[in-house]
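Structure record follows, encoded as structure tokens.
The values are calculated or read from the model by the stated rules, or taken from the named source; none is laboratory data. Computed from a predicted structure; not experimentally measured. So basically every Cβ, Gly included, is an ideal-geometry build from the backbone, and we count neighbours across all protein chains shown. Protein only, heavy atoms only, side chains kept; ligands, DNA and RNA dropped before computing areas. Shrake-Rupley method; radii C 1.70, N 1.55, O 1.52, S 1.80 Å.
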Amino acid sequence: MYYRKTDDYDTFACIADRCPDTCCAGWQILIDEESLERYGKVKGEFGIRLLNSIDWAEGAFEQYHGRCSFLNRENLCDLYQELGEEALCETCRNYPRHTEEYEGIREYSLSLSCPVAAEQILGNRGKYRIVETQDEQEETEDFEDFDFLLFGKLEEVRDLLFQTVQDRGLAIEERMVLVLQLAQCMQESLDGQVLFETDFQEKLEAFRRETVGKGRRKNSEQPAQALRTSRYQQMCAMLEDFQKLEVLREEWSGLLSDTWNRLYDKGEAGYQEIREQFGAGLAGRREEWDRYGEQLLMFFLYTYFCGAVYDDRIYSKAVLSVFPVLWIQEILCGIWLEQGDFSFQDVVRTAYQCAREIEHSDDNLNLLEDLFEGKESYQQDKLSACILEERRLP
């Protein structure tokens, strides 16, 4: 068996009640069968509480006002305090450690939705590293019809994407666009049944020559005003899509509403002025800004891209990686407008709040991918033009 894990995976440590948030609220916590059986055998007063605080049909902890029934006022777990760490179910014991499973390979990472993990990921000034190991353990799961050839190509292209995303000679916007272009190229190659005849390294080099030149050209073929108008319209439309998702935390709805009021409610001209001011404000912080985007994009690509082996949705996996980065950046622009600046903690908080709404709902993930495949605004050329406008800001 092969194993991959991010180099910060083993250094994570929960800070319990010192955490600025809690992982025990806002989503359903499913309980594995072994833990359910164990909870059903607990005697005494706490056993009665367990019986009354679990939805046994669903196999999940009951929630009260969006909080787990065992989460106390100090944001500590009564079940942990009463029965010990070994009594935790798999979900609670493992979080924020996340596993993606493929035949013969397990990929481990920390979930960005955890504030401590988000701080580790975003605070890394080096490059996002993935360590690979191997042991003699044999695969025990049944991965019926697993496509090894497709998976191998996905790994190959993902490595190219990783190299591109970590190329600090490019602006983060250029890196995001190259991710979209190469993913679309791979999707078209798969659909056209020429996947194994396509030289993706060669394609990437061609995209890079074109995209970097276009992104930095002073006299764009399209008027800047038209591009900015297009960005305004697209961002408004994408925010409407974001608001279609299941809301896991009410503060997220408030954050999206604040972003609308701060950035879009003033119309196209107002938005254009805000973006110009924000671009000027970033003049001395571009390296920092690009580094945040790089770490986020690496995280999402590592988490989602190779999952296309199960559904062939390669391009939508790339958009699923770019979309949250774009929106974390956009929300931070609104925070900057409100506060006159944004801090590292603002970046961390925005990132884990955004990731939480996406990572912890399969319905949200599926809806987003449906939107990315079906709506014109997410087509590669349109989304790329929207992103590259940032290179034309002062």
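Here are some notes:
- A full extension of the chain between W260 and D362 corresponds to an added length of 34.2 nm, given 0.36 nm per residue minus the alpha carbon distance.
- Solvent exposure, largest accessible area first (probe 1.4 Å, DNA, RNA and ligands not counted), of Y2, Y128, Y64: Y64, Y2, Y128
- A simple spin-label model places pseudo-atoms 7 Å from Cα toward Cβ; at Q28 and D8 they are separated by 3.1 nm.
- Theoretical ellipticity at 222 nm over the chain - DSSP helices of four or more residues, -39500 (n - 2.57) apiece, nearest 500: -17500 deg cm²/dmol
- For the stretch 11-57, Kirkwood radius (reciprocal of mean inverse C-alpha pair distance, Å): 13.0 Å
- Of the residues I314, I54, I328, the one that moves most in a GNM of the chain with alpha-carbon contacts below 10 Å is I54.
- Prolate/oblate/rounded label for the stretch 99-201 (Cα gyration tensor, a/c 1.5): oblate
- Which label in [x] 76, 50, 37; [y] 59, 55, 44; [z] 67, 41, 39 gives the computed Cα extents along the principal axes in Å: [x]
- Projected area, mean over directions - the stretch 1-115, Cα convex hull, nm²: 8.4 nm²
- Placing unit charges on the Cβ atoms only, positive for Lys and Arg and negative for Asp and Glu, gives the chain a dipole magnitude near 2220 debye about its Cα centre.
- Axis angle, to the nearest 10 degrees, between helix 250-259 and the longest C-alpha principal axis of the chain: 10 degrees.
- Residue with peak Gaussian network fluctuation, the chain [Cα springs, cutoff 10 Å], from S111, S189, S384: S189
- Taking Cα centre as origin and charging only the Cβ of basic (Lys, Arg, +1) and acidic (Asp, Glu, -1) residues, the dipole magnitude of the stretch 248-394 rounds to 360 debye.
- FRET efficiency for the E210 to Q163 pair, using the beta carbon distance and R₀ = 25 Å, is estimated at 0.90.
- Only Lys, Arg (+1) and Asp, Glu (-1) charged, at Cβ; the stretch 322-394 dipole about Cα centre in debye: 300 debye
- Taking the 1.4 Å solvent-accessible surface of the chain as the whole, the part contributed by carbon and sulfur is 45%.
- Rg over Rh for the stretch 258-381 works out to 0.99, both radii taken from alpha-carbon positions and Rh defined as the Kirkwood radius.
- Whole-number Å³ per residue for the convex hull built on Cα positions in the stretch 154-207: 64 Å³
- The amide H of Y102, built 1.01 Å from its N in the peptide plane, has E107 as neighbours under 5 Å, considering only residues 5 or more places off or on other chains.
- Choice from E240, E251, E141 with maximal GNM fluctuation in the chain (Cα, 10 Å cutoff): E141
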